[in-house]
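Novice: If you scroll down you'll find the structure; I have some questions about it.
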Amino acid sequence: MLLVKDKLTSNDKSPFDVGDQVSFELEHKKFQGMIEKGYNNSYMIGFHTTDPALEDKYHDKIVINNKNLTMVKKGPNNSKGKKKDEDKSSDSDQKTEDKSSSKK
């Protein structure tokens, strides 16, 4: 029996995209930042802190697993979820066209 491995990465399945504002926990403190880049199952987040130790350690950027992120605000270019809606509407449009052409 041949098992087909899922080709989608965990980021393809996640609701997050570059430009989204997210929150996360770092060293037992809550932070908010902007997604700057996506990887297979994590994102690089740009954030600001007033703590000099954290700023020196992380330089206002950190890579966080997508399971540890919480959405604060979707970015203007977030296309996650839209494709499914577009596919459904285009499928229904196609079915309507098929029915009207078959009646002729």
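Values in this text are rule-based calculations from the coordinates and carry no lab data. Just so it is clear, the structure is predicted and the values come from calculations on it, not from any experiment. Positions of Cβ are backbone-derived with ideal geometry, glycine not excepted, and every protein chain shown enters the neighbour counts.
Novice: For 43, 58, what ranking results if the residue with the fewest other Cβ atoms within 10 Å of its Cβ goes first? Before the final figure, lay out each step's value.
Specialist: Working: 43 26, 58 17.
Placing the least packed residue first, the sequence is 58, 43.
Novice: Based on other C-beta atoms within 10 Å, arrange 44, 71 from fewest to most.
Specialist: Ascending number of Cβ neighbours within 10 Å: 71, 44.
Novice: Would you order 18, 63 from fewest to most other beta-carbon atoms within 10 Å of each residue's own beta-carbon?
Specialist: Details: 18 14, 63 11.
Going from sparsest to densest Cβ surroundings: 63, 18.
Novice: I want the local charge near residue 51. Using Cβ-Cβ distances under 10 Å, sum +1 for each Lys or Arg and -1 for each Asp or Glu among the other residues.
Specialist: Once positives and negatives cancel, what remains is -1.
Novice: Here's another thing I want to ask about it. What list of ³J(HN,Hα) couplings, whole Hz, do you get for region 60-66 from phi and the Karplus terms 6.51, -1.76, 1.60, once you set θ to phi - 60° and write x for glycine and proline?
Specialist: 6, 9, 8, 9, 10, 4, 5
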